[in-house]
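Asks: First the structure, which I've put down as structure tokens, then a few questions once you've had a look.
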Amino acid sequence: MMDSSQISTKIISIDPSHFENRQLHEAVEILQNEGIVAFPTETVYGLGASALSEKAINKIYIAKGRPLDNPLIVHIESMEMLETIVKEIPEEIRKLCNVFWPGPLTILFLRNKKIPDCVTAGLPTVAVRMPQNPIALRLISLSKIPIAAPSANISGRPSPTTAAHVKNDFEGKIPLIIDGGSCPVGVESTVLDVHRNPPLILRPGGVNYEDLKKYLPNLKIYEKHYKNQELKKKPPSTPGLKYRHYSPKARVILIENSQVIPKTHIHDLIKEYSIQGKIGYIHTSDEIHLNSQQLDLLGDSFIDLTHYSDDELINNQEEKKAKYAYIAQKIFWALRKLDNLQVQFIIIEGITEDFSGLAVMNRLRKAAWKII
Ligand code: TXA
Ligand code: MG
């Protein structure tokens with residue numbers, strides 16, 4: 001039942017590989033009138049509003065139930081648009097933009113006065129990225145405004161990788177969702193601070209550490225390399241990191257070293273939790289740890305994210321990269337699917353922190369109720 005504060009939510013389906021500007025007309029109008037629109041990006045769906053309007057930005061914080069001290073990422077469609085919101089574009093950062101944009105890399109810049117305080121939670125830096133999804137890019141260029149957009153989920157929930165996920169969280173709360181199919185990357189962008197020495201990944205994401213390190217040889221990762229004394233003295237401002245994140249309704253039990261844990265240990269876990277409630281299981285490793293009886297018990301709530309790569313992948317590293325990219329693409333989808341199946345516990349096999357594994361494990365550790 002709709003209460004009086006609810007509005008009707010329209011969903012417009014658009015094929016990202018073939019569409020016309022007029023299909024975005026309504027979305028553009030909403031954005032130009034300081035409203036909010038959910039739209040697809042290559043990482044996850046975003047909840048967008050004008051990054052130049054305090055009124056529009058407040059609507060995002062309210063709709064998401066987002067703490068006001070957690071700043072937003074601003075999305076642009078050209079380097080010219082970037083120039084209108086930042087103080088300067090240092091040469092070494094411009095090089096990174098040339099390599100990784102459009103794409104899932106967010107970079108911190110010193111903001112100018114056009115960006116209101118509420119976008120950055122008062123920080124002197126603004127986080128910016130140029131998304132790769134053609135719908136997102138066209139939406140920004142037709143609106144002619146930089147668009148601030150957090151992931152389009154209620155604060156604390158798993159990020160949305162389909163329009164149905166967005167609808168689930170925001171039906172009746174926002175006027176428009178653009179459905180552009182499922183997001184190919186599946187985890188959010190990598191957030192990079194190059195103003196620090198050494199440069200620091202604040203949040204691992206769609207662009208891998210291994211790929212960034214080719215351009216930034218001293219690159220470090222917040223939390224993972226945080227034992228480093230120098231970092232301890234100067235902790236980065238990453239307000240978003242202190243909040244509970246990515247959590248399905250079910251309790252997540254993460255098996256950190258699933259590659260080496262004895263099978264019997266996993267069998268005991270399944271036994272222990274299936275007595276307490278319905279369980280889901282997310283399988284990511286090469287070997288199946290479960291027996292046929294357990295697979296029967298789980299039924300639909302056994303989700304297999306192992307991806308058998310094709311022959312074109314010539315070495316182990318490439319194969320691992322492809323497998324882990326597939327797990328990243330599906331991880332939020334799997335958590336939300338198990339919530340829909342109303343399981344009470346989700347057991348997940350962890351992966352190593354190589355390639356997309358770093359972003360996946362970062363999300364899973366934050367989502368976890370228990371880490372084993
Ligand atoms: O892929 C993505 O990045 C998606 C899509 C929609 O573009 N967006 C996204 O936004 O994940 P959100 O709001 O869910 O996450 C933004 C992260 C938060 O952890 C926030 O604290 C951090 O970026 N952040 C934003 N501005 C920052 C700043 N100036 N300094 C440090 N961290 C910042
Ligand atoms: Mg988010």
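The values are calculated or read from the model by the stated rules, or taken from the named source; none is laboratory data. On a predicted model such as this, the values are computed, not experimentally measured, just so you know. Heads up, the Cβs are rebuilt from the backbone with ideal geometry, glycines too, and the neighbour counts pull from every protein chain shown. These area figures cover heavy atoms from the full protein model, side chains too; ligands, DNA and RNA do not enter into them. Shrake-Rupley method; radii C 1.70, N 1.55, O 1.52, S 1.80 Å.
Asks: In this structure, is Gln276 open to solvent by 10 Å² or more (accessible area, probe 1.4 Å), in the same structural domain as Glu353 (by TED's automatic domain parsing), more than 16 Å from ligand 1 (Cβ to nearest atom) and at pLDDT below 90?
Replies: For Gln276, the condition - open to solvent by 10 Å² or more (accessible area, probe 1.4 Å), in the same structural domain as Glu353 (by TED's automatic domain parsing), more than 16 Å from ligand 1 (Cβ to nearest atom) and at pLDDT below 90 - is not met.
Asks: Return the residues of segment 51-67 that are out of contact with any helix residue (DSSP H, G or I) (no Cβ under 6 Å at 6 or more places or on another chain) and under 12 Å from Asp117 (Cβ atoms); say none if nothing qualifies.
Replies: Asn58, the sole residue that qualifies.
Asks: To continue, here is another question. Among the residues of segment 144-178, write down those that are open to solvent by 10 Å² or more (accessible area, probe 1.4 Å) and more than 15 Å from ligand 2 (Cβ to nearest atom).
Replies: Correct list: Lys144, Ile145, Thr162, Ala164, Lys167, Asn168, Glu171, Lys173, Pro175.
Asks: Output the number of residues of segment 13-61 satisfying the condition of being of a type in the set (Val, Ile, Thr) and either outside the structural domain of His165 (by TED's automatic domain parsing) or within 16 Å of ligand 2 (Cβ to nearest atom) (or both).
Replies: Selection size over segment 13-61: 6.
Asks: Also: All but one of (1) touching a Cys at 6+ places or on another chain (Cβ under 9 Å); (2) surrounded by fewer than 19 Cβ atoms within 10 Å (Cβ to Cβ) hold for Ser141; which doesn't?
Replies: Only one criterion is unmet by Ser141, namely (1).
Asks: I'd like the full set of residues that are among the aliphatic types (A, V, I, L, M) and open to solvent by less than 10 Å² (accessible area, probe 1.4 Å), limited to segment 110-138.
Replies: Ile115, Val119, Val126, Val128, Ile135, Ala136
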